[in-house]
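Following: one structure in structure tokens, then a few remarks.
Throughout, read-outs are computed from the coordinates displayed, never taken from laboratory work. Every value quoted in this text rests on a predicted model; they were computed, and no experiment measured them.
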Amino acid sequence: LMDMVHPEDAESHRQSIADSVQTLTPWQWEGRIVTPSGMIKWIHGEACIEKLADGTLMWDGLLLDISDRKQAELALQQKSQDLEQALQDLQQAQLQIIQSEKMSALGNLVAGVAHEMNNPLGFIVASLQQAKPTFVELLEHLKLYQESLTNPTEEIQIHAEKIDLEYTLADLPKMLDSMSVACDRLKNISTSLRTFSRADRDDKVPFNLHEGIDSTILILQHRLKANEQRPAIEVLKNYGNLPEIKCFPGQLNQVFMNIIANAIDAVEQSNIGRTFAEIQASTNQISIQTSLVNKLVEIRIADNGKGMTEAVKAKIFDHLFTTKAVGKGTGLGLAIARQIVVEKHQGSIEVESKPGQGAEFCIRLPISS
């Protein structure tokens with residue numbers, strides 16, 4: 001038998017014999033042999049070992065041909081692997097469909113809002129542009145009247161005092177300027193909304209990550225504002241000097257959305273059982289830091305929430321895993337985020353966290369790929 005053992009199983013065969021001889025325990029072994037005709041067969045061997053008075057070892061056992069059973073086991077194992085792969089493929093397809101539908105629905109909504117804002121905003125901007133020189137002309141004309149009318153009637157004087165003419169003439173230009181500033185703010189919001197909702201093409205395009213992060217923060221602004229239960233959540237930004245990277249902007253915006261929204265959830269959960277004053281003394285914070293490290297763009301998003309245990313951290317990117325209550329989370333957000341970063345952009349995403357010390361997600365992306 002020793003001469004026929006398959007080379008790949010020779011070591012396990014030798015070790016099984018050595019163990020049995022050393023301990024004088026029954027020998028068992030399964031492996032392949034190569035018959036003189038060249039056929040490979042699986043065999044199962046068993047033997048009892050008895051040590052005779054003269055020190056000779058006597059073996060009493062049998063060999064069984066288990067090739068058919070092994071082939072069936074291997075076929076079953078292969079089928080199990082195929083089913084496992086099919087399940088993984090199905091889960092990935094589900095993630096892609098959900099990701100596509102979520103971004104399509106959210107993108108259409110945000111783009112629609114931005115479009116509806118642009119129409120009245122354009123009208124207001126155009127009207128202000130016409131109103132400001134018109135007001136200047138009226139003001140000059142009024143001054144001419146005041147210079148010519150050296151002795152105004154009592155009625156004019158009373159009306160001027162009633163409307164506080166001097167203050168109104170000084171304040172109206174400031175009002176127009178404030179309206180122009182507000183219009184600029186709305187234009188920036190509209191631009192941010194379009195940045196967030198931009199549709200991805202088949203190929204990667206250059207993108208300013210800071211614009212994507214800022215547009216995401218804008219979308220989530222309503223959740224960051226102060227309310228009756230807590231002060232506003234502070235967002236601390238420390239942006240480095242990053243180049244544009246080639247990527248799918250819409251998908252990366254979704255990654256930022258999932259992580260920052262989860263950070264908001266984390267700090268809000270840490271507020272449970274605390275008073276407004278206690279929360280105010282230890283402000284809820286989310287920090288976002290970007291830098292260029294070893295030719296990789298690094299984005300760190302951290303919160304000072306409850307943090308997570310090692311068990312939770314190990315599963316945080318798993319499909320359908322969530323720590324939120326039923327109906328509050330799907331367990332898909334971070335799984336989708338990981339797929340976008342790792343599979344779509346050949347990057348990496350990691351999390352560092354300890355209970356009571358918050359959590360920090362670190363995303364690393366190649367500048368071009």
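Report, in degrees rounded to the nearest 10, the 0 to 90 angle that the Cα long axis of helix 209-219 makes with the longest principal axis of the chain. Once rounded, one gets 70 degrees. The alpha-carbon of Lys174 sits under 18 angstrom from the alpha-carbons of these aspartates and glutamates, leaving out residues fewer than 8 places away in its chain: Glu137, Glu140, Asp164, Glu166, Asp184. Here Lys41 is the anchor, and the lysines within straight C-alpha reach of less than 28 Å, apart from those fewer than 8 places off in the same chain, are Lys70, Lys79. If the chain linking Gln22 and Gln85 were pulled fully straight, counting 0.36 nm for each residue of separation and taking away their Cα-Cα distance, it would gain 18.4 nm. With 19 Å as the limit, the listed pairs Lys246/Lys315; Lys237/Lys306; Lys246/Lys344; Lys225/Lys315; Lys237/Lys354 have Lys246/Lys315; Lys237/Lys306; Lys225/Lys315; Lys237/Lys354 beyond it between alpha carbons.
Helical runs assigned H by DSSP (4 residues or longer) give the chain a calculated mean residue ellipticity at 222 nm of -18000 deg cm²/dmol, each run adding -39500 (n - 2.57) before division by the residue total.
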